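Asker: Provided herewith is a single structure, encoded as structure tokens, for subsequent inquiry.
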Amino acid sequence: MKKVTLVASLLLAGLCSSVTYADESLDKVLKSDFRQAKNASRDVYRHPAETLSFFGITPTQTVIELWPGNGWYSEILGPYLAKEGQYIAASFETAPATDTPGNRYRANAGTKYAAWMTANKDVMGNAKIVTFDPPQKMDLGADGSADLVLTFRNLHNWASTDQLENVFAASYKVLKDGGIFGVVEHRANEGMNFSTGYMDQAAMVALAKKAGFTLVESAEINANPKDTKDYAKGVWTLPPSFALGDTDKEKYQAIGESDRMTLKFVKKSS
């Protein structure tokens, strides 16, 4: 497969990781009309080609995405893995036992996601959904069955329910020896609370180590030095949420999306 090295340009930009650009089949998916324009427009902030390449994705792997939400990465991962691999979306509980605002929101999102997956079977191939609802439903699949487990901007959600250790443990369990746990998350300044949406990078590395993972490398692919992280509505003040509505919207648009950590962990054989 053709690869174009990004190392030189990343070094010039002051970034710390050695990343190679994704293979041609991923590039084709990224440029596909299957992706919604509103999602593709965010590539400038989310850097999917560089991020997935950093995690070492290939089209023959079994890849689990934790809480895919509205399917931003599903539009990429599903078609990319459709022919030779397996995409598994560990999505929301659609029939929660208790009625809370959070459960209601997730159930609605999970139902819409499932309908979208069914409607796009021709593109998504053998992609499937498993329900992931810590701590009640934690089974991501057979032990040692996945090559990659990926999560994008979800750690603060699990922190709010004290489920981070359970999530990391479930991810470790389902991965093969040598499998990769890839994490992208809003990165906190020292002393910030998870209620802001930002998480402490050193604490996340320590938690992954406690679960048995080894940090392979951290990358600055999704860094944003413009993000001052001192907003009235936390990270949701920034795009794409704009929690303050039109108040100072141009200011927050100029900052762009959040400063994010990008962490690559490996499950090593014992």
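The values are calculated or read from the model by the stated rules, or taken from the named source; none is laboratory data. Since this is a predicted model, take the numbers as computed values, not measurements. Methodologically, a virtual Cβ is constructed for each residue, glycine included, from the backbone with ideal geometry; neighbour enumeration extends over all protein chains shown. Calculation scope for accessible area: heavy atoms of the full protein, side chains included, ligands and nucleic acids excluded. Shrake-Rupley method; radii C 1.70, N 1.55, O 1.52, S 1.80 Å.
Asker: Can you give me the accessible area per residue for the stretch 140-270, using a 1.4 Å probe, in Å²?
Answerer: 44
Asker: Have a look at LEU150, LEU244, LEU81 and tell me which one the Gaussian network model of the chain (Cα, springs below 10 Å) gives the largest fluctuation.
Answerer: Checking each option, the largest mean-square fluctuation is seen for LEU244.
Asker: Label-point separation (nm) for GLU250 and ASN103, each offset 7 Å from Cα along Cα-to-Cβ?
Answerer: For the pair GLU250/ASN103, the computed spacing is 4.6 nm.
Asker: What fraction, in whole percent, of alpha-carbon pairs in the stretch 90-144 exceed 13 Å separation?
Answerer: When all Cα pairs of the stretch 90-144 are counted, 62 percent exceed 13 Å.
Asker: Then there is this: Rg and Dmax in Å for the chain, alpha carbons only: what are they?
Answerer: 17.9, 53
Asker: Apply the Karplus parameterisation 6.51 cos²θ - 1.76 cosθ + 1.60, with θ equal to phi minus 60°, to every residue of the stretch 35-47 and state each ³J(HN,Hα) to the nearest whole Hz, in sequence, with x for glycine and proline.
Answerer: Coupling constants for the stretch 35-47: 6, 5, 4, 5, 7, 4, 5, 8, 4, 4, 9, 9, 6 Hz.
Asker: Within the accessible area of the chain, what % is carbon and sulfur when the probe is 1.4 Å and the other protein chains stay in place?
Answerer: 51
Asker: Distance from the Cα centre of the stretch 191-242 to that of the stretch 60-120, in angstrom?
Answerer: 23
Asker: How much accessible area per residue does the stretch 68-126 have, in Å², with a 1.4 Å probe?
Answerer: 48
Asker: Compare the Cα positions of TYR231, TYR252, SER195 along the charge dipole of the stretch 188-270 (+1 at Cβ of Lys, Arg; -1 at Cβ of Asp, Glu; about the Cα centre) and return the one farthest towards the positive end.
Answerer: Comparing the listed Cα positions along the dipole, SER195 ranks first.
Asker: Further question on the same structure: To the nearest 0.05, how large is the calculated FRET efficiency for LYS83 and ASP177 if R₀ is 25 Å and r is the Cβ-Cβ distance?
Answerer: 0.45
Asker: Would you mind calculating the gained length between LYS233 and LYS128 on full extension (0.36 nm times residue separation, minus the Cα-Cα distance), in nm to one decimal?
Answerer: Contour length minus the Cα-Cα distance gives 34.3 nm.
Asker: FRET efficiency for LYS137 and GLU165, Cβ-Cβ distance as r, R0 = 22 Å, nearest 0.05?
Answerer: The pair LYS137/GLU165 has a calculated efficiency of 0.85.
Asker: Order the peptides 101-107, 172-178 from the highest to the lowest mean number of other Cβ atoms within 10 Å of their residues.
Answerer: Result, highest mean first: 172-178, 101-107.
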